[in-house]
1. Every residue in the range 280-323 that is at positive phi and buried (at least 20 other Cβ atoms within 10 Å of the Cβ), please.
2. Within the bounds of the range 20-42, is there any residue that is acidic (Asp, Glu), under 16 Å from ILE264 (Cβ atoms), outside any helix (DSSP H, G or I) and modelled with pLDDT under 95?
3. Out of all the residues in the range 236-268, which are within 23 Å of the chain's Cα centre (by Cα), under 28 Å from ALA188 (Cβ atoms) and modelled with pLDDT of 95 or more?
4. Name the residue that is farthest from PRO230 (Cα to Cα), counting only residues in the range 87-131 that are assigned to a strand (DSSP E or B), among the polar types (S, T, N, Q) and within 12 Å of the chain's Cα centre (by Cα).
5. Under 6 Å between Cβ atoms, at least 6 apart or on separate chains: pull out the pairs that start in the range 213-230 with a residue that is over 15 Å from MET168 (Cβ atoms) and touching a residue at least 40 places away in the same chain (Cβ under 8 Å) and end on any residue that is charged (D, E, K, R) and surrounded by 14 or more Cβ atoms within 10 Å (Cβ to Cβ).
6. Do you know which residues across the range 24-79 are of a type in the set (D, E, K, R) and touching a Lys or Arg at 6+ places or on another chain (Cβ under 6 Å)?
Amino acid sequence: MKSIQAWLLAGAAVLATAPCLAQSDYPAKPLRLIVPFPAGGSTDIVGRVVAQRLAERLGRQVVVDNRGGAGGTIGTDAAAKAPADGYTIVIGTTSTHAVAPAAYSKLGYHPVRDFAAVAMVAVTPYLLVVNPQVGPRSLKDLIALAKASPGRLNYGSAGNGSTTHLAMEMLKDAAQVNLVHVPYKGNAQTDLAVLGNEVQAVFGSMPALLQHVKAGKLVPLAVGTAARSPALPDVATVAEQGYAGFEASLWLGVFAPAGTPRPIVDRLARDLAAIAATAEFKDAMDKNGAQAQSNSPEQFARMVAEEAARYAKVVGALGIKLD
């Protein structure tokens, strides 16, 4: 009897340690990084740099899976429902984890409960630009033109409920002007629209717009952050141009599905923190007008909860409802 009991106890011990043994071998195969926006936009630009650097540290391929649509919520929902084994992760943003939960009453995921927050990777200012053919060379000029011709100017966004949508709605509310919203499936499509003067303005994240500004293809009118961006030091903030307290920026970070084993989350968090601290990653972010950032899983989870609560108030005040 004692030998049977000993065997059962030994077997239970082996079963109890099996997940730990499996996790110690992580990663045993390639990872999938869902980018919930189409290729070419700001989230994709940052996500691909993260994927490359993370693959180097993990010794496994990190495959970028672009799942655009509905302001990033389609790809984010897919990530929330993926197996919680550490092999599917997602780039989450202010749009997907703070704005969308307030704007969509029937969102398929919860920004906190359905994810294991891993770490932030970057923050980028929002930049207001217009097509050169529109005419304005300052925010004041754009506001004056919009007031002179209400409803004549269009602005593009990366989709209903995206931060590019909310940023312009916040500006419209502050300046009391009427610009018509034209949603697209992501930043890349929005950028093409403003470059072709299909829409006249975009208030988008800087990585997707900076190259076009530097090439003279778009005119920068204002930066959405409280301080000017080092990437465009001559471009004044919205607050500097008469709208005190205005702030619009985009944070990006990595999430895993809820229930992902903590040792795997910690491993990814350590690697992402090390990546964010490298000169190569900082340079890559600087070139795109973003700033490398990192924090712990606990700090990131708290920040997401706070951001969701903050944007719920903003979305409610603006009356934005998307379903």
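The values are calculated or read from the model by the stated rules, or taken from the named source; none is laboratory data. Given the structure is predicted, the values throughout are model-derived calculations rather than measurements. Positions of Cβ are backbone-derived with ideal geometry, glycine not excepted, and every protein chain shown enters the neighbour counts.
1. Taking the range 280-323 first, the residues at positive phi are 289, 319.
The one that is at positive phi and buried (at least 20 other Cβ atoms within 10 Å of the Cβ): GLY289.
2. If we filter the range 20-42 for residues that are acidic (Asp, Glu), which is where we start, we get 25.
From what is left, the residues that are under 16 Å from ILE264 (Cβ atoms) are 25.
Those still in the list that are outside any helix (DSSP H, G or I) too: 25.
Filter once more, so that each one left must be modelled with pLDDT under 95: 25.
Yes, the range 20-42 has at least one match.
3. Correct list: THR237, VAL238, TRP251, LEU252, GLY253, VAL254, PHE255, ALA256, PRO257, LEU268.
4. THR93
5. Listed by first residue and then by second, the contacts come to nothing, as the list is empty.
6. Start the filter on the range 24-79 by keeping residues that are of a type in the set (D, E, K, R), which leaves 25, 29, 32, 44, 48, 53, 56-57, 60, 65, 67, 77.
Residue satisfying the conditions is ASP65 alone.
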